[in-house]
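S.K.: Handing you this structure, nothing more for now.
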Amino acid sequence: MHEVMLFGGLREVVDGAESVQVEGTTIREVLHNLSEQYPPMRERISQGIAVAIDGTIYRDDWEQPIPEGAEVGLLSRIAGG
């Protein structure tokens, strides 16, 4: 199980929590399980989310494994150009 830190507006869909406990061995599994625990998170994920694992940000590589004990954080994508 991973402690997943949430940043910005993502906290509002988990009742203001700074972090939540989520199971999964890949980014995809963690995001799926998170959306099962907190259904409003589905919309946020579909709008675009970035996942940081030990300081490296992944935007689309949902098959990326998450090692046990890794620091995991989620943040909404910021549009830019």
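The values are calculated or read from the model by the stated rules, or taken from the named source; none is laboratory data. None of these values were measured; they are calculated from a predicted model. All Cβ positions, even for glycine, are placed from backbone atoms using ideal geometry, and neighbour counts span all protein chains on display. Accessible surface is based on the protein model in full, side chains and every heavy atom, while ligands, DNA and RNA are left aside. Shrake-Rupley method; radii C 1.70, N 1.55, O 1.52, S 1.80 Å.
S.K.: Which cross-chain or sequence-distant (5 or more) residues have an amide H under 5 Å from the amide H of Ile66, H modelled 1.01 Å from N in plane?
M.R.: Residues meeting the amide H criterion: Thr26, Ile27.
S.K.: On to the next question. Could you look at the chain and say what percent of its accessible area is carbon and sulfur, using a 1.4 Å probe and all protein chains?
M.R.: Heavy-atom surface of the chain belonging to carbon and sulfur, 1.4 Å probe: 47 percent.
S.K.: If you take every DSSP beta bridge whose two residues both sit in the chain, what share of them, in percent to the nearest 5, is antiparallel?
M.R.: 80 percent
S.K.: Can you run phi through the Karplus equation (6.51, -1.76, 1.60; θ = phi - 60°) for the stretch 15-32 and list ³J(HN,Hα) in whole Hz, with x for Gly and Pro?
M.R.: Going residue by residue, I get 6, x, 5, 7, 8, 9, 8, 9, 8, x, 9, 10, 4, 4, 5, 5, 5, 4 Hz, with x marking Gly and Pro.
S.K.: Once you put a point 7 Å from the Cα of Arg59 and another 7 Å from the Cα of Glu71, both along the Cβ direction, what distance in nm separates them?
M.R.: So the two model labels end up 2.2 nm from each other.
S.K.: If you count only protein heavy atoms with a 1.4 Å probe, what accessible area per residue comes out for the stretch 2-81, rounded to a whole Å²?
M.R.: With all protein chains present, the stretch 2-81 gives 59 Å² per residue.
S.K.: A further question follows. With point charges of +1 on the Cβ of Lys and Arg and -1 on the Cβ of Asp and Glu, referenced to the Cα centre of the chain, which listed residue (Ser19, Gly69, Gly48) lies farthest in the positive direction of the dipole?
M.R.: Gly48
S.K.: Quickly estimate the mean residue ellipticity at 222 nm for the chain, helices only: each DSSP H run with n ≥ 4 gives -39500 (n - 2.57), and the total goes over all residues, rounded to 500.
M.R.: Calculated from helices alone, the mean residue ellipticity at 222 nm is -6500 deg cm²/dmol.
S.K.: So I have [x] 3, 15, 25, 26, 17, 9, 3, 2, 1; [y] 3, 16, 31, 30, 16, 4, 1, 0; [z] 3, 15, 25, 21, 15, 11, 6, 3, 1, and one of them is P(r) over Cα pairs in 5 Å bins from 0, in percent calculated from this model. Which one is it?
M.R.: Only one option fits the structure, namely [y].
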